[in-house]
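A short worksheet on the structure shown next.
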Amino acid sequence: MGVVTIPYRLATPSDKNSIRTYFDDMENGPEDRWDVYFDPDGNVDNFWFPSDVLVHSGISAWGVSDPPLASQHYLQNYESFTVSGAYPVYRFYHYYNTETSADGGFLEITTNDGQSWETLDPYMFRNRYPRKIQYATFVIPNLYAFSGLSSPELTMTPVYIDLSDYSGLEVKIRYRFGTDDNTGGVGWYVDDAELMDAIVYNSQACLSSDETEDLCTEAPERGTIVDSQVINSTDDQDNAYPFTLLPNPAGDFIQVAMAAENGEEARVSIYSMTGQLLSASTWQINQGMNQQTFDISRFAPGMYVLQVKSGKGMRSERFVKG
């Protein structure tokens with residue numbers, strides 16, 4: 001029986017994107033959202049470090065070296081984040097080059113602030129662990145890990161993890177790396193960790209024949225994942241209602257003033273400059289002039305993006321919290 005490959009192209013609506021609910025571009029090093037520590041029983045105090053050797057975007061990622069000594073190293077969220085959305089998917093980019101099946105890393109998740117950890121292996125659906133790692137490295141039986149060489153081109157690969165089973169929970173994720181006392185390697189580098197409310201397209205294709213039953217299949221790894229939308233402080237649609245933010249810079253409150261042609265419901269979202277969704281609410285707007293005040297007292301000083309989405313379109317504007 002021969003093999004026939006049938007290519008196809010998928011077009012998606014330009015205004016329908018996955019929604020980013022958490023994002024870390026890993027540009028701020030130790031001041032970012034991570035705790036770094038190592039196993040004190042290991043033979044070396046090697047640890048995760050900010051690195052510009054290999055990145056997916058920007059100028060920095062987190063990296064850990066692969067020494068020829070027994071050691072374990074952890075890169076862990078120091079603050080929990082909420083898993084939200086109809087289809088929450090965690091994505092990160094990485095590169096690894098380690099002693100195959102002996103040195104490597106894997107991901108764990110906690111819902112009780114680190115009292116216990118679970119492996120995320122069952123929930124990975126794209127670019128999963130390539131192989132098992134020896135028992136002696138972590139003293140965990142039948143453990144799969146990122147071990148060996150991820151890419152000969154020195155490029156970072158995305159990994160996708162379905163977190164639907166953790167919806168509504170406060171979680172932390174950690175990247176756990178281990179080595180044995182034999183051959184060393186380059187190490188493991190990770191960048192651009194993101195949680196998105198994902199939009200995924202997949203469908204079944206079938207071949208019919210008079211001689212056999214129909215043969216049906218779906219695209220692997222859940223098909224096409226629509227990328228998340230990064231919010232900019234520009235008009236997303238020319239026909240969207242313009243609005244004004246007052247005062248700007250703001251204190252604990254900011255007011256949105258907008259004139260509307262018709263009465264309708266609008267969605268107001270506030271994002272960090274890295275695209276993390278910080279606040280979302282519904283605004284019932286009326287024909288004519290509208291004003292609404294939003295409490296931003298819990299936000300740290302800095303720059304943010306406020307987005308208003310209605311039937312007329314979507315528009316975003318930047319503001320500064322003083």
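Using the alpha-carbon positions of the range 243-321, Rg (one decimal) and Dmax (whole number) come out as 12.1, 35 Å. Scoring 191-197, 103-109 by mean Cβ neighbours within 10 Å over their residues and listing the highest first yields 103-109, 191-197. In summary, the lysines within cross-link reach of K132, defined as a Cα separation below 25 angstrom excluding same-chain residues under 8 places away, comprise K172. Only lysines eight or more places from K16 in sequence, or on another chain, were considered; those with a Cα closer than 21 Å are K309, K312. Judged by the ratio a/c of the largest to the smallest principal axis of the C-alpha gyration tensor, the range 90-148 counts as oblate, that ratio being 1.5 or greater while a/b is no larger than b/c. Remark: C-alpha extents of the range 19-199 on the principal axes read 45, 35, 29 Å, sorted largest to smallest.
Values in this text are rule-based calculations from the coordinates and carry no lab data. Since this is a predicted model, take the numbers as computed values, not measurements. Every residue, glycine among them, receives a Cβ derived from its backbone with ideal geometry; neighbour counts consider all protein chains shown.
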